[in-house]
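Novice: Okay, handing you the structure first.
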Amino acid sequence: TDQKTLLRAIVKDEYTGRSFRDTSSANRYLYINPRWLSQRRKAFLEEYPNESIRSASNLMDEKAVTVQMQNAAVSTIFTPLFLRSLNMSGDMVPYFNDASELFITRDLETGDRYTVFAPVFEGGNTGLGSLVNAAAGAQDDYYDDFYDLYTQLPSHLEQKLYDDVFNIIANAETPYDQALTLMNYLKKYYRYSLTPVTPPDNLDFVTYFLYVKKEGYCTYFASAMTVMCRIAGLPARYVEGFLAQPSSDGFAYVTGYDAHAWTEVYFEGFGWVPF
């Protein structure tokens with residue numbers, strides 16, 4: 001790949017107060033089966049945003065991202081968001097689920113190779129806000145479903161957290177600006193640490209991070225961002241995968257050290273954006 005790429009693996013929708021877990025990915029569908037075309041279009045937002053938005057900026061240009069396995073792994077296929085198409089060799093047969101996770105019918109083996117085609121972008125990229133805002137008036141057949149699923153929160157969260165979130169985004173005019181404001185707030189006021197104190201079992205994970213220790217690694221930041229977006233009324237989900245950072249030769253050597261977590265926020269008419 002020729003640019004920093006978030007390779008998605010696991011998508012989680014329900015926040016328990018201790019962690020995020022997956023409740024929406026039980027069904028699996030054969031990727032190439034036309035019977036499941038409507039499910040695939042929804043899972044990967046194949047028709048979003050509309051053509052006028054896609055053609056308005058090179059941010060939405062499809063990039064080829066090729067992955068070659070240098071070791072064995074589970075059956076999960078690592079891909080960017082907004083998967084448009086894929087090309088697999090040999091006996092690799094892709095399946096997907098409603099949470100937009102992708103798999104093959106066996107574990108991955110050394111030498112397995114596949115190429116996926118997708119636009120590669122993330123929240124904060126120059127010009128992305130204009131695209132998201134321009135898409136806001138377009139028809140969106142999925143927004144209500146995603147809103148219902150991805151704004152759910154447990155009842156134990158304190159009112160202080162709600163009040164603080166609304167104060168943070170008070171001057172943000174659009175949903176995209178709100179998400180960006182929350183991301184920048186976390187980056188400014190919280191410290192990245194690979195050795196944070198684990199929250200006690202009787203305390204909410206996100207609340208402990210935000211108000212007590214104020215430091216943590218990607219899981220802490222992504223969990224907080226997802227919860228805060230949901231409080232703000234922004235459909236958001238927690239994602240785990242890998243951060244591929246290519247060298248000048250276009251190759252990124254991805255190992256367990258590159259494991260990462262982030263938040264995807266849904267914007268009406270546009271679709272998901274990773275933060």
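Novice: Going by the structure shown, is TYR253 farther than 20 Å from LEU45 by Cβ and among the aromatic types (Phe, Trp, Tyr)?
Specialist: Considered against the rule, which asks whether it is farther than 20 Å from LEU45 by Cβ and among the aromatic types (Phe, Trp, Tyr), TYR253 comes out as yes.
Novice: Give me the pairs: first residue in the stretch 246-275 and over 20 Å from MET225 (Cα atoms) and touching a residue at least 12 places away in the same chain (Cβ under 8 Å), second residue part of a loop (DSSP other than H, G, I, E, B) and open to solvent by less than 10 Å² (accessible area, probe 1.4 Å), beta-carbon distance under 7 Å, and six or more apart or on different chains, which are they?
Specialist: Listed by first residue and then by second, the contacts come to GLY269/PRO49.
Novice: State which residue pairs qualify: first residue without any contact (Cβ under 8 Å) to a residue 60 or more places away in the chain and inside the stretch 6-31, second residue of a type in the set (Asp, Glu) and outside any strand (DSSP E or B) in any location, beta carbons under 9 Å apart, and separation of 6 or more residues or different chains.
Specialist: ARG21/ASP13; THR23/ASP13
Novice: For the stretch 68-94, which residues satisfy the criterion of being within 19 Å of the chain's Cα centre (by Cα) and either among the aromatic types (Phe, Trp, Tyr) or open to solvent by 50 Å² or more (accessible area, probe 1.4 Å) (or both)?
Specialist: Those that are within 19 Å of the chain's Cα centre (by Cα) and either among the aromatic types (Phe, Trp, Tyr) or open to solvent by 50 Å² or more (accessible area, probe 1.4 Å) (or both): PHE78, PHE82.
Novice: Identify the residue in the stretch 221-275 that is at positive phi, touching a helix residue (DSSP H, G or I) at 6+ places or on another chain (Cβ under 9 Å) and part of a loop (DSSP other than H, G, I, E, B) and, among all such residues, is surrounded by the fewest Cβ atoms within 10 Å (Cβ to Cβ).
Specialist: Of everything passing the filter in the stretch 221-275, GLY233 is surrounded by the fewest Cβ atoms within 10 Å (Cβ to Cβ).
Novice: Restricted to the stretch 170-220, and to residues that are outside any helix (DSSP H, G or I) and among the hydroxyl-bearing types (Ser, Thr, Tyr), which residue is least open to solvent (accessible area, probe 1.4 Å)?
Specialist: Here the residue is SER193.
Novice: Which one of the conditions (1) of a type in the set (Gly, Ala, Ser); (2) under 19 Å from the mean Cα position of the chain (by Cα); (3) surrounded by fewer than 17 Cβ atoms within 10 Å (Cβ to Cβ) does SER25 fail to meet, given that it meets all the rest?
Specialist: (3)
Novice: Picking from THR110, THR126, THR66, which residue would you name as being hydroxyl-bearing (Ser, Thr, Tyr) and part of a strand (DSSP E or B)?
Specialist: Criteria check complete, one pass: THR66.
Novice: Filter the stretch 28-43 down to the residues that are crowded, with 17+ Cβ neighbours inside 10 Å and of a type in the set (Lys, Arg) and list them by number.
Specialist: Within the stretch 28-43, ARG40, LYS42 qualify.
Novice: To continue, here is another question. Can you pull out the residues in the stretch 207-258 that are in contact with a Phe, Trp or Tyr (Cβ under 8 Å, 6 or more places away or on another chain) and among the β-branched types (Val, Ile, Thr)?
Specialist: Those that are in contact with a Phe, Trp or Tyr (Cβ under 8 Å, 6 or more places away or on another chain) and among the β-branched types (Val, Ile, Thr): THR226, VAL227, ILE231, VAL239, VAL254.
Novice: On the basis of being surrounded by 12 or more Cβ atoms within 10 Å (Cβ to Cβ) and modelled with pLDDT of 95 or more, does GLU46 make the cut?
Specialist: no
Novice: Would you confirm whether any residue within the stretch 9-31 is more than 26 Å from ASP141 (Cβ to Cβ) and touching a Gly at 6+ places or on another chain (Cβ under 8 Å)?
Specialist: Within the stretch 9-31, one or more residues are more than 26 Å from ASP141 (Cβ to Cβ) and touching a Gly at 6+ places or on another chain (Cβ under 8 Å).
Novice: A further question follows. From TYR162, TYR147, which residue is under 18 Å from PHE270 (Cβ atoms), surrounded by 12 or more Cβ atoms within 10 Å (Cβ to Cβ) and of a type outside the set (A, V, I, L, M, F, W, C)?
Specialist: Testing whether each residue is under 18 Å from PHE270 (Cβ atoms), surrounded by 12 or more Cβ atoms within 10 Å (Cβ to Cβ) and of a type outside the set (A, V, I, L, M, F, W, C) leaves just TYR147.
Novice: While we're here: Out of the residues in the stretch 129-168 meeting the condition of being touching a Leu at 6+ places or on another chain (Cβ under 8 Å) and not in a helix (DSSP H, G or I), tell me which one is farthest from ALA224 (Cα to Cα).
Specialist: TYR142
The values are calculated or read from the model by the stated rules, or taken from the named source; none is laboratory data. Predicted, not measured: the structure shown is a model, and the values here were computed from it. Heads up, the Cβs are rebuilt from the backbone with ideal geometry, glycines too, and the neighbour counts pull from every protein chain shown. Each accessible area value is taken on the protein alone, full model and side chains, heavy atoms only, with ligands, DNA and RNA left out. Shrake-Rupley method; radii C 1.70, N 1.55, O 1.52, S 1.80 Å.
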